[in-house]
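Q: Following this message is one structure expressed as structure tokens.
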Amino acid sequence: MTAPFGVTSMTAPLRRVLVRRPATSGDWRGAGWRVPDPEALVRQHEAFCALLTQLGADVEVADALPGQVDSVYMHDPLLMTARGAIPLRMRKPARAREPAHAREELERLGVPVLGELPEGAYGDAGDRFWIDDRTMAIGLSYRTNRAAADAVAALAALEGVTVETFDMAHDRGPDHVLHLQSFVSAVTERLCVIYEPLAPVRLLEALRERDIGWIAIDRESYDGLGCNVLAVRPGVVVMVDAAPAVHRALERHGVEVHTYDGSELSLKGDGGPTCLTAPLLRG
């Protein structure tokens with residue numbers, strides 16, 4: 001029997017995924033949000049979960065964390081490998097409690113915890129990207145430091161996985177989130193969507209070396225979360241309905257695109273479908 005957990009890919013069929021219901025009140029502006037309509041926020045999240053279910057994923061739903069507005073972006077507080085999960089330590093003060101809550105969900109769902117980051121090691125899972133099933137990219141950013149990358153590398157090495165690190169751009173500074181997955185998403189094993197101006201040259205070269213191509217997008221599409229694309233299986237993706245040029249480009253490449261209304265849920269918090277989801281099982 002296949003274990004009900006394990007992830008070593010960005011595009012293998014999404015079998016099981018963890019999401020968290022959104023908080024409907026809190027310090028929105030302090031967390032960097034544009035203040036959303038709470039009722040629409042909940043409604044859009046429910047519709048998003050229904051879409052994932054329709055596309056074949058087993059959607060595990062965690063309760064909302066009152067007042068913790070970023071916690072709806074379930075991707076960031078934990079990192080999955082083939083053997084289980086690593087709850088992280090989050091540098092953003094408003095998110096510091098989220099990894100402990102994520103650990104509670106992992107225990108509830110029977111997903112083993114492989115280890116934790118040591119004191120002083122900080123990381124967000126949005127800075128992790130599977131280049132292939134034996135190579136994990138980690139962006140060194142204002143949210144993820146070298147100590148975290150080294151700790152993850154030590155755990156991943158037990159599975160024969162190598163971690164490669166890439167220095168991230170300053171972009172808009174430490175108060176604005178820029179994750180590695182902010183500017184790259186995989187749609188098949190050989191095709192990504194990338195906003196090149198923020199991508200490290202070494203990462204682009206690493207993709208080219210593996211014959212992985214990409215669709216380069218413009219700034220308007222980037223601002224519409226056009227690089228935040230969730231593959232539910234190779235060539236079938238979910239994205240916010242705010243980057244029509246990317247939608248059309250994907251379809252020209254034979255990709256099946258499903259969109260959702262993320263006007264409150266995604267655009268006002270700068271978190272697309274990958275941010276909303278913590279895949280627990282792919283394959």
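The values are calculated or read from the model by the stated rules, or taken from the named source; none is laboratory data. Given the structure is predicted, the values throughout are model-derived calculations rather than measurements. Using ideal geometry, Cβ is built from the backbone for each residue, glycine included, and neighbour counts are taken over all protein chains shown. Ligands, DNA and RNA are stripped out before the accessible areas are found, and what is left, the full protein with its side chains, is counted by its heavy atoms. Shrake-Rupley method; radii C 1.70, N 1.55, O 1.52, S 1.80 Å.
Q: Being open to solvent by 60 Å² or more (accessible area, probe 1.4 Å), closer than 22 Å to Arg43 by Cβ and not aliphatic (A, V, I, L, M), is that true of even one residue in region 237-244? Steps first, please.
A: Start the filter on region 237-244 by keeping residues that are open to solvent by 60 Å² or more (accessible area, probe 1.4 Å), which leaves 241, 244.
In the following step, the residues that additionally are closer than 22 Å to Arg43 by Cβ were identified as 241.
When the remaining residues are screened for being not aliphatic (A, V, I, L, M), the result is 241.
Looking through region 237-244, at least one residue is open to solvent by 60 Å² or more (accessible area, probe 1.4 Å), closer than 22 Å to Arg43 by Cβ and not aliphatic (A, V, I, L, M).
Q: Of all residues in region 246-265 being touching a Gly at 6+ places or on another chain (Cβ under 7 Å) and over 20 Å from Ala57 (Cα atoms), which is least open to solvent (accessible area, probe 1.4 Å)?
A: Checking each candidate, the answer is Val246.
Q: Quick one: count up the residues across region 32-61 that are more than 17 Å from Gly262 (Cβ to Cβ) and in contact with an Asp or Glu (Cβ under 8 Å, 6 or more places away or on another chain).
A: Going through region 32-61 one residue at a time, the tally reaches 1.
Q: For Val42, indicate whether it is over 28 Å from Ala137 (Cβ atoms), modelled with pLDDT of 95 or more, of a type outside the set (Asp, Glu) and open to solvent by 20 Å² or more (accessible area, probe 1.4 Å). Let's see the steps before the verdict.
A: Numbers: over 28 Å from Ala137 (Cβ atoms): yes; modelled with pLDDT of 95 or more: yes; of a type outside the set (Asp, Glu): yes; open to solvent by 20 Å² or more (accessible area, probe 1.4 Å): yes.
Here the answer is yes, as Val42 does meet what is asked.
Q: Here's something else I'd like to know. Only one of (1) among the aliphatic types (A, V, I, L, M); (2) touching a His at 6+ places or on another chain (Cβ under 9 Å); (3) closer than 30 Å to Asp132 by Cβ fails for Leu65. Which number is that?
A: Here Leu65 meets the rest and fails (3).
Q: What single numbered condition from (1) closer than 20 Å to Leu78 by Cα; (2) at pLDDT 95 or above; (3) out of contact with any Ser or Thr (no Cβ under 6 Å at 6 or more places or on another chain) fails to hold for Val177?
A: (2)
Q: Please state which one of Leu207, Leu225, Leu191, Leu203 is in contact with a His (Cβ under 8 Å, 6 or more places away or on another chain) and crowded, with 18+ Cβ neighbours inside 10 Å. Step through it out loud before you land on a result.
A: On the way: Leu207 fails: in contact with a His (Cβ under 8 Å, 6 or more places away or on another chain); Leu225 fails: in contact with a His (Cβ under 8 Å, 6 or more places away or on another chain); Leu203 fails: in contact with a His (Cβ under 8 Å, 6 or more places away or on another chain).
Among Leu207, Leu225, Leu191, Leu203, only Leu191 is in contact with a His (Cβ under 8 Å, 6 or more places away or on another chain) and crowded, with 18+ Cβ neighbours inside 10 Å.
Q: While we're on this one: Inside region 91-114, can you point out the residues that are among the aliphatic types (A, V, I, L, M) and open to solvent by 10 Å² or more (accessible area, probe 1.4 Å)? Steps first, answer last, please.
A: We begin by selecting, within region 91-114, every residue among the aliphatic types (A, V, I, L, M); these are 94, 96, 100, 102, 106, 109, 111, 113-114.
Hits for region 91-114 are Ala94, Ala96, Ala100, Leu109, Val113, Leu114.
Q: Now for a separate question. Among what's in region 126-144 and is open to solvent by 30 Å² or more (accessible area, probe 1.4 Å) and out of contact with any strand residue (DSSP E or B) (no Cβ under 9 Å at 6 or more places or on another chain), pick the residue that is nearest to Glu205 (Cα to Cα).
A: Only one residue fits best here, namely Asp132.
Q: Still on this structure: Name the residue that is surrounded by the fewest Cβ atoms within 10 Å (Cβ to Cβ), counting only residues in region 1-35 that are of a type in the set (A, V, I, L, M, F, W, C) and closer than 17 Å to Leu51 by Cα. I'd like the intermediate steps shown before the answer.
A: Going residue by residue through region 1-35, those that are of a type in the set (A, V, I, L, M, F, W, C) are 1, 3, 5, 7, 10, 12, 14, 17-19, 23, 28, 31, 33, 35.
So of that shortlist, the ones also closer than 17 Å to Leu51 by Cα come out as 14, 17-19.
On the way: Leu14: 26, Val17: 25, Leu18: 24, Val19: 21.
Looking at residues that are of a type in the set (A, V, I, L, M, F, W, C) and closer than 17 Å to Leu51 by Cα, I get Val19.
Q: Just to be sure I understand, how many residues within region 158-178 are in contact with a strand residue (DSSP E or B) (Cβ under 7 Å, 6 or more places away or on another chain) and either touching a residue at least 60 places away in the same chain (Cβ under 8 Å) or of a type in the set (Val, Ile, Thr) (or both)? Working first, answer last.
A: So in region 158-178, the residues in contact with a strand residue (DSSP E or B) (Cβ under 7 Å, 6 or more places away or on another chain) come out as 161-168.
Checking which are either touching a residue at least 60 places away in the same chain (Cβ under 8 Å) or of a type in the set (Val, Ile, Thr) (or both) leaves us with 161-163, 165.
Of the residues in region 158-178, 4 are in contact with a strand residue (DSSP E or B) (Cβ under 7 Å, 6 or more places away or on another chain) and either touching a residue at least 60 places away in the same chain (Cβ under 8 Å) or of a type in the set (Val, Ile, Thr) (or both).
Q: For region 156-181, give me each residue that is open to solvent by less than 30 Å² (accessible area, probe 1.4 Å) and assigned to a helix (DSSP H, G or I).
A: Ala156, Leu180, Gln181
Q: Let me ask something else about it. Does at least one position in region 113-125 carry a residue that is among the hydroxyl-bearing types (Ser, Thr, Tyr), closer than 22 Å to Gly283 by Cα and part of a loop (DSSP other than H, G, I, E, B)?
A: Initially, region 113-125 is screened for residues among the hydroxyl-bearing types (Ser, Thr, Tyr), giving 122.
Adding the requirement that they be closer than 22 Å to Gly283 by Cα leaves none.
Checked region 113-125: no residue is among the hydroxyl-bearing types (Ser, Thr, Tyr), closer than 22 Å to Gly283 by Cα and part of a loop (DSSP other than H, G, I, E, B).
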